[in-house]
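Just below is one structure, and these are the notes that go with it.
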Amino acid sequence: MFFRCILFFIIFYNCFVNAQSKNNELVEFKDYQLSSEKYISGQGGKLYMKVNFWGATNNVGIYRVHEGIDFASLMSVVGGPSQFANLKKIRLYREKPDDNGQLVYFVDLTTFLETGDRSNFPKIKPNDTIVINKTLTGILIQDIATFQTFFTLFTFLIQIGTIMF
């Protein structure tokens, strides 16, 4: 009984953590605000653009990078992925869909780290948002307090269940 409850808790927690990534349906956006600032001109006529970084990187935030930067160089600008970053499914969101209608790209950095092949990198465009999730191990280690709270609640519910039945 106890092991079934533990198994249920682990499955429930995994589903809860990964709920956002399970929905891969394309959503059509009819009207939303776009940034009026696509490119910024710098000294000597160089063009810069802003890119947003969220999630498991060493430095999240908005970065001003030169136009034409590749994905690996962009990762270097933000200090690289954190120790527990999920490098297999990095998401890149466009501000508006590309000519082919694609709004979300998935990047697998493990291929690049193993072979140096940059062919699967999407082109970086102004106001792109890159989201890097943590691995399950990273969630368990870095967010241990949250996990401990769920585990305490779970054991409390098991104790109440054993008293009532």
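Any read-out appearing in this document is the output of simple, stated calculations on the displayed coordinates, not a laboratory observation. Note that the structure is a prediction, hence the values are computed from the model and not measured. Don't worry about glycine lacking a Cβ; one is built from the backbone with ideal geometry, like all the others, and counts go over all protein chains shown.
Descriptive notes on the structure:
- Loop-located chymotrypsin sites (Phe, Trp or Tyr not before Pro) across the range 30-135 with a Cβ neighbour count of 10 or fewer within 10 Å are Tyr32, with loop assigned by DSSP.
- The range 63-78 versus the range 96-135: alpha-carbon centroid distance in Å: 12
- Pairs with C-alpha atoms separated by more than 27 Å, drawn from the list Lys38/Lys134; Lys89/Lys123; Lys38/Lys88, are Lys38/Lys134; Lys38/Lys88.
- Among the trypsin sites (Lys or Arg not before Pro) in the range 63-150, those located in a DSSP loop and surrounded by at most 12 other Cβ atoms within 10 Å of their own Cβ are Arg118, Lys123.
- Over all Cα atoms in the range 66-132, the spread is summed up by Rg and Dmax: 11.8, 35 Å.
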